[in-house]
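No value in this document is a laboratory result; all are computed from the given coordinates. What you see is a predicted model, and the numbers here were worked out from it, not measured in a lab. Here the Cβ positions follow ideal geometry from the backbone for every residue, glycine too, while neighbour counts run over all protein chains shown.
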Amino acid sequence: MSLGNLKDVKKIRIILHIDFDYFYAQCEELRDPSLKGKPVVVCVYSARGGDSGAVSTSNYKAREYDVRSGIPIKLAKNKLKDVPDAMFLPVDNDYYSEMSDNAMNIVRKYTQKFELVGIDEAFIEVTEKLEHDFDRAKELAMTLKMELEKELRLTCSVGIAPNKLVAKIASDFQKPDGLTLVKPEEVKPFLMNMSVGKIIGVGKKTEERLNEMGAATIGELARINIYELTKEFGKKNGTYLYNAARGIDDESVVESESITQISRINTLKKSTNVVQEMLYDLQSLCKDVHGSVIEQDFSFKSVGVMLVLDDLSIKTKSRSLKSPSTNQDELFKTAKTLLEEAVGESQLLVRRLGVKVSELVSSKGQDTLSKFMTES
Ligand code: DCP
Ligand code: CA
């Protein structure tokens, strides 16, 4: 290999886009496994009451009936009117955020170049870590998928490519539970027959306009010259489309703020308001949270508990410690006191129980942010 080529290899990045499958609906299946196999529709009911509002997302069974994000709930009910086991559930944003935190904390462990781009998607860059080796990136993605499945029972789809644009298209390529690797030399053929609507930022309007200009696929878009594109869409967007059609995208992975908390949540076998009956779960949640704290070299200065009560309302309590701790017993004792207080203040049964630690400090004594900044 000539020196020039070697330089080019050094410039090539390896970026993964991770996107969780039918996220809200998958979270619902997790807390109620009896939903599995049934069409599940997660709904944002509007204040007007009844069935007014829109579908937030649906699982893949419901998508077979063409029930998708954004359609009116009434229309979704109509499409599923002959399916007696179809389930319509209200959104539970707190729960999805908690699941997202847990999932993203696992993803973050794989690299410091982590960018959160939505509740259920993230980019990570592993170029240096894997010494420019795309085959190793595929192995890393498989390990990550396995860990997410084992720890949280969540499936996701992963795209691996030399840039964010192609990685995002790749993660969408084989959904659900997909893994698509697009090596630099495969970028052009991969994009060729893809619809222009797959390009990040190309919405319905732009897609229609491009279709009118003779570009239904990305390959056809690549045949339109830059002058025509900038004339139609302006300099910035025209240039973006021109580059995108060639699989070129230099956007860097922008590191998101580092971890601020670590939490775990469990559904109790039986709803109860007797603290004694929750201690086994509390102990196991504390053990998991503590394990994650130690694994990531943190100590914590604040402990919290979260209770999901029988009417699905949420009660939280937290307390700051005198000094940062790594002690599992201190975590358990504090969480137990908080649990007793929380249960004492409520008449309702507890359905789900969560434990959280926050105000994380790296074991070297620096706060989390400065630790990541000095290491990056
Ligand atoms: N979402 C929403 N309303 C939309 C689109 C999405 O409330 N119009 C929410 C619900 C989704 C989550 O955001 O679960 C993630 O959006 P995605 O577009 O990634 O869709 P899903 O994860 O549901 O499905 P997919 O398997 O296609 O990724
Ligand atoms: Ca998703």
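If you build a Gaussian network model of the chain, linking Cα atoms that sit under 10 Å apart, which residue out of Thr337, Thr180, Thr57 swings the most?
It is Thr337.
Please name whichever of Leu116, Gly70, Met213 sits farthest to the positive end of the charge dipole of the chain, dipole taken about the Cα centre and charges placed at Cβ: Lys and Arg +1, Asp and Glu -1.
Met213
First check a/c for the chain, with a ≥ b ≥ c the square roots of the eigenvalues of its C-alpha gyration tensor; if it is under 1.5, answer rounded, and if not, answer prolate when a/b is larger than b/c or oblate otherwise.
oblate
Using only DSSP helix segments of four residues or longer, with each worth -39500 (n - 2.57), what per-residue ellipticity at 222 nm results for the chain after dividing by its residue count and rounding to 500?
-12000 deg cm²/dmol
Explain nothing, just the number: relative contact order of the chain, from Cα pairs under 8 Å at least 6 residues apart, as a whole percent. Present the calculation step by step, with values, prior to reporting the outcome.
Numbers: 659 pairs, mean separation 53.1, N = 376.
Reported relative contact order: 14 percent.
Using the reciprocal of the averaged 1/r over all distinct C-alpha pairs, how large is the Kirkwood radius of the range 124-227 in Å?
Roughly 15.1 Å, rounded to one decimal.
Note the angle between two axes, namely the Cα long axis of helix 93-108 and the longest principal axis of the Cα atoms of the chain, as a number of degrees from 0 to 90, rounded to the nearest 10.
Relative to the chain, helix 93-108 is tipped by roughly 70 degrees.
Calculate the FRET efficiency for Thr143 and Arg246 from the Cβ-Cβ distance with a Förster distance of 45 Å, rounded to the nearest 0.05.
Here the calculated transfer efficiency is 0.90.
Suppose every K and R has +1 on its Cβ and every D and E has -1 on its Cβ; what is the size of the dipole of the chain about the Cα centre, in Debye to the nearest 20?
Numbers: 54 positive and 57 negative charges, 79 e Å.
Computed charge dipole of the chain: roughly 380 debye.
Among His290, His17, what is the fewest-to-most ranking by other Cβ atoms within 10 Å? Numbers along the way, then the final one.
Values: His290 23, His17 27.
Ordered from fewest to most neighbouring Cβ atoms within 10 Å, His290, His17 come out as His290, His17.
Where does each of Asp133, Asp82 land when they are ranked from fewest to most other beta-carbon atoms within 10 angstrom?
Ascending Cβ contact count within 10 Å gives the list Asp82, Asp133.
If a paramagnetic tag sat 7 Å from the Cα of Ile71 along the Cα-Cβ line, which residues of the range 28-51 would have the backbone N under 16 Å from that point?
39-44
What residues from the range 28-42 fall in the zone where the backbone N is under 13 Å from a label point 7 Å along the Cα-to-C-beta line of Leu312?
Those under the cut-off are 28-29, 32, 41-42.
Which residue, Phe233, Phe114, Phe23, has the most motion in a Gaussian network model of the chain that connects Cα atoms within less than 10 Å?
Looking only at Phe233, Phe114, Phe23, the largest GNM fluctuation is found for Phe233.
Any idea what angle helix 279-295 forms with the longest principal axis of the chain, computed on alpha-carbon atoms, 0 to 90 degrees, nearest 10?
That works out to roughly 40 degrees.
Roughly how many nanometres apart are two label points built 7 Å out from the Cα toward the Cβ at Asp329 and Asp32?
4.2
Efficiency by 1/(1 + (r/R0)^6): what FRET value for Lys175 and Thr260, r their Cβ-Cβ distance, R0 = 25 Å, to the nearest 0.05?
Values: r = 30 Å, r/R0 = 1.19.
Working from the Cβ atoms, E equals 0.25.
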